[in-house]
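First the structure, in the form of structure tokens, and then the observations on it.
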Amino acid sequence: MSAPPHLRRQDKLMSQPRAVEVLAHGFCGRLATVGADGWPYCVPLLYVWTGGEVWVHNVAAGHLRANIEHDKRVCFEIDEPGEVFDYGRFECDSSVAYRSVVVFGTIRQIADASSRRRFFDALMAKYGRPDSGRPKGFYPRLDEVAVYAIAVERITGKETPLPDASAQWPAMDRTKSPQARP
């Protein structure tokens, strides 16, 4: 794989352990693929971070499956938006607190039934309600669903924490707009 592009805002860069931590606890991600026609396709999916890989599921046949069969290279992204805050005198001098992680890698389908079951057990542990009273580990449509694992080749993360009120406008003026007048 090619070297990662230069990150202009090094001050926003997460450490690798922090990026993995955010990825492990994120809620929903977006899987991006490219089809045989050259068009990109991005789909939101619930996921599990396990064994150093991102695991997802989708219908057994369809747009996503066709794209994966065309090209195994994928990109997976999660983000956690926070509050919008002002840092300068003008409306455009605003930002947002956030965390985001982008994973680049190759995807493969998981055919082994026991591995697929373990994925759904982990998925239900992450997203399910333990007190629902429903039977655990019962997946009657297991054969109708495709489970995929993304082998991570590169992971990057960026974040902007919400500054304390003393570091936001009007307490602190960090106006960046060109031709700003004091």
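Here the label points at Val43 and Glu21, each 7 Å from Cα along the C-beta direction, are separated by 3.3 nm in the simple model.
Angle of helix 16-25 to the longest C-alpha principal axis of the chain, folded into 0 to 90 degrees and rounded to 10: 60°.
So if a site counts as exposed when it's one of the trypsin sites (Lys or Arg not before Pro), its DSSP state isn't H, G, I, E or B, and it has at most 10 other Cβ atoms within 10 Å, what's the longest stretch of the chain without one? Don't jump to the answer; show the numbers that get you there.
Working: sites that count: Arg8, Arg9, Lys136, Arg141.
After excluding every exposed loop site, the longest remaining stretch is 10-135.
Each label was represented as a point 7 Å from its Cα along the Cα-to-Cβ direction; for Lys72 and Glu144 these points are 2.9 nm apart.
Bridging of Lys158 to lysines at a Cα separation below 30 Å is possible for Lys12, Lys72, Lys126, Lys176, once same-chain residues fewer than 8 apart are set aside. Sparse packing (at most 12 other Cβ atoms within 10 Å of the Cβ) combined with a DSSP loop state is found for the following chymotrypsin sites (Phe, Trp or Tyr not before Pro) in the stretch 108-177: Phe138.
All other residues with a Cβ under 14 Å from the Cβ of Val48 taken together, and with Lys, Arg as +1 and Asp, Glu as -1, what is their net charge? Can you show the working numbers first?
Working: positive: Arg116, Arg117, Arg118, Lys126; negative: Glu53, Asp121.
Neighbour charge sum, excluding Val48 itself: +2.
Dividing the summed helix terms, -39500 (n - 2.57) for each DSSP H run of n ≥ 4, by the number of residues in the chain produces a 222 nm estimate of -5500 deg cm²/dmol to the nearest 500. Both numbers refer to the Cα atoms of the chain; Rg and Dmax are 20.3, 67 Å. Taking every alpha-carbon pair under 8 Å whose residues sit at least 6 apart, the stretch 1-115 reaches a relative contact order of 22 percent.
Averaging sequence separations of C-alpha pairs under 8 Å and six or more residues apart, then dividing by the length of the stretch 61-182, give the relative contact order as a whole percent.
Values: 161 pairs, mean separation 44.4, N = 122.
Relative contact order here is 36 percent.
In a simple Cβ point-charge model (Lys, Arg +1; Asp, Glu -1; nothing else charged), the stretch 120-182 has a dipole of about 200 debye relative to its Cα centre.
Each reported figure results from applying straightforward, stated rules to the coordinates on display, with no laboratory input. No experiment lies behind these values; they were computed from the predicted model shown. When we count neighbours, we look across all protein chains shown, and the Cβ atoms used for this are built from the backbone with ideal geometry, even at glycine.
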